[in-house]
Amino acid sequence: MMKKYDYIIVGSGLFGATFAYEATKRGKKCLVIDRRNHIGGNVYCENVEGINVHTYGAHIFHTSDKEIWDYVNQFAEFNRYTNSPIANFHGEIYNLPFNMNTFNRLWGVLTPQEAQDKINEQRLESNIKEPKNLEEQAISLVGTDIYEKLIKGYTEKQWGRKASELPAFIIKRLPVRFNYDNNYFNDKYQGIPEGGYNVIIDKMLEGIEVRLETDFFENRSEWEESTLKIVFTGMIDEYYNYQFGKLEYRSLKFENELLNLDNYQGNAVVNYTDSDTPYTRIIEHKHFEFGTQDKTLITKEYPSEWKPGDEPYYPVNNKQNNELFQNYKKLAEQEDRVLFGGRLADYKYYDMHNVISQALQLVEKEFSNI
Ligand code: FAD
Ligand code: UDP
């Protein structure tokens, strides 16, 4: 029987949009649906007073993969923004990621050797042989002073769990450097698309049928009947009706303030690393694009445990959840008409470049014999 669509793509985030763009380019008829009232998923931006506001938290594109960099550059020009967040611990200001500026401010050390000696001394005192969790990993990398001031409070607010109960890999995302380089990422390419991320998503989905405020689960059988295949980028446990139990996610509440001043904090990202401040960071969006507007918009980010109805921003990739995910993955692997991908369906802490790369790999697999 003829189907109306070749692919129905559930989710218009970077994964869904990349897949839809590539499939359409290959002559496939696609429909993209999203339960939100806009396209773009978590990279969506709203324009307020000429400022591109990162509605779902600060998004900085970075990659070392030239193919991915060239790929996104076909949709937008990128500026030269380099992420250099500041940490505020009870009013003390430190540079991130952990580097000689941080070590000097904290200990007064002047040389890389002095900094390394200080860290080694603290590492030996803590007697950690093989780091088994985030706390031990952090202390092994940067010592107890930095762990106490810049990591513990932030991490426990962000994840709602003790740092000693979290996986070590989370902290390995952050570089530790014995030079004065405040660039948060080690990647070769970095920047913000000029005009915000919508420029990319709009181009990817140009000419493709999109239905917003449309939840796949509300008309599941109708969608299943009208398409040859489905690409699902939502929560995998929800897709399978939570039959093995719920995966855990962290959510965020964003509190925006439009201020009648041109510069609130002098930087796009300031992390509040103490445990007393209830938010983890304040984002001042105009600095992502070197904005010169008279006003400024800031966002405070409050982490919370995900519950149904909230947006699931971060998978909690501890052992228990990863094992649970494997049960869902086994079901997913048996599907012949449904393809899964993206941060929620793969239940992985993917960055944007990872998501695009995964989507392109799926495209390759799906269309290899065309
Ligand atoms: P999403 O963007 O989540 O898109 C999934 C879409 O599916 C959503 O629009 C959702 O509404 C829709 N959907 C879900 N279920 C249904 C359903 N049942 N029916 C219809 N629609 C549905 N990455 C970086 O590279 N750099 C950064 O600086 C960075 N910062 C981040 C900051 C925060 C606060 C967060 C949360 C993430 C950050 N990321 C960053 C990661 C980045 O957001 C993701 O890698 C990327 O956006 C994921 O794209 P996606 O398409 O997989 O998922
Ligand atoms: N982190 C921290 N202090 C900081 C910034 C980050 O302890 O000032 C830790 C925290 O556990 C966080 C992890 O490092 O979850 C990864 O940080 P990243 O900035 O990559 O987080 P994301 O941008 O994904 O929110």
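Inside region 210-286, counting only strands (runs of 3 or more DSSP E) that do not spill past its ends, which hold 2 or more residues that are under 30 Å from ILE146 (Cβ atoms), of a type outside the set (Phe, Trp, Tyr) and open to solvent by 20 Å² or more (accessible area, probe 1.4 Å)? Full working, then the answer.
Details: elements: 227-232, 249-259, 269-272, 281-284.
Answer list for region 210-286: 249-259.
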- [ ] Quickly run through region 312-347 and pick out the residues that are touching a helix residue (DSSP H, G or I) at 6+ places or on another chain (Cβ under 8 Å) and of a type in the set (Asp, Glu).
- [x] ASP346
Task: Residue that is nearest to ligand 2 (Cβ to nearest atom) [pool: residues in region 287-308 that are part of a loop (DSSP other than H, G, I, E, B) and within 29 Å of TRP159 (Cα to Cα)] - done: TRP306
Task: Residues that are in contact with a Ser or Thr (Cβ under 7 Å, 6 or more places away or on another chain) and assigned to a loop (DSSP other than H, G, I, E, B), drawn from region 3-34 - done: LYS3, LYS4, GLY11, GLY13, ASP34
TODO: Would you list the strands (runs of 3 or more DSSP E) that sit entirely within region 56-107 and hold 3 or more residues that are under 17 Å from ARG173 (Cβ atoms)?
DONE: 61-63
Open item on the list: Can you go through LYS132, LYS118 and tell me which one is open to solvent by 40 Å² or more (accessible area, probe 1.4 Å), in a loop (DSSP other than H, G, I, E, B) and not aromatic (Phe, Trp, Tyr)?
Closed with: LYS132
Open item on the list: Can you report the number of residues in region 45-64 which are more than 8 Å from ligand 1 (Cβ to nearest atom) and open to solvent by 20 Å² or more (accessible area, probe 1.4 Å)?
Closed with: 8
TODO: Among the residues of region 287-299, write down those that are closer than 21 Å to TYR184 by Cβ, buried (at least 18 other Cβ atoms within 10 Å of the Cβ) and not β-branched (Val, Ile, Thr).
DONE: HIS287, PHE288, GLU289, GLY291
Task: Within region 143-179, considering residues that are within 16 Å of ligand 1 (Cβ to nearest atom) and assigned to a loop (DSSP other than H, G, I, E, B), the one nearest to ASP274 (Cα to Cα) - done: GLY160
Task: Identity of the residue in region 163-207, β-branched (Val, Ile, Thr) and crowded, with 19+ Cβ neighbours inside 10 Å, that ends up nearest to ASP117 (Cα to Cα) - done: ILE171
Open item on the list: Being within 12 Å of ligand 1 (Cβ to nearest atom) and over 18 Å from GLN158 (Cβ atoms) is the filter here; which residues of region 248-267 pass it?
Closed with: none
TODO: List the number of the failed condition for TRP159; all other conditions in (1) within 9 Å of ligand 2 (Cβ to nearest atom); (2) open to solvent by 20 Å² or more (accessible area, probe 1.4 Å) hold.
DONE: (2)
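The values are calculated or read from the model by the stated rules, or taken from the named source; none is laboratory data. Quick caveat, the model's predicted, so the values are computed rather than measured. Every residue, glycine as well, gets a Cβ built from its backbone with ideal geometry; the counts of neighbours run over all protein chains shown. Each accessible area value is taken on the protein alone, full model and side chains, heavy atoms only, with ligands, DNA and RNA left out. Shrake-Rupley method; radii C 1.70, N 1.55, O 1.52, S 1.80 Å.
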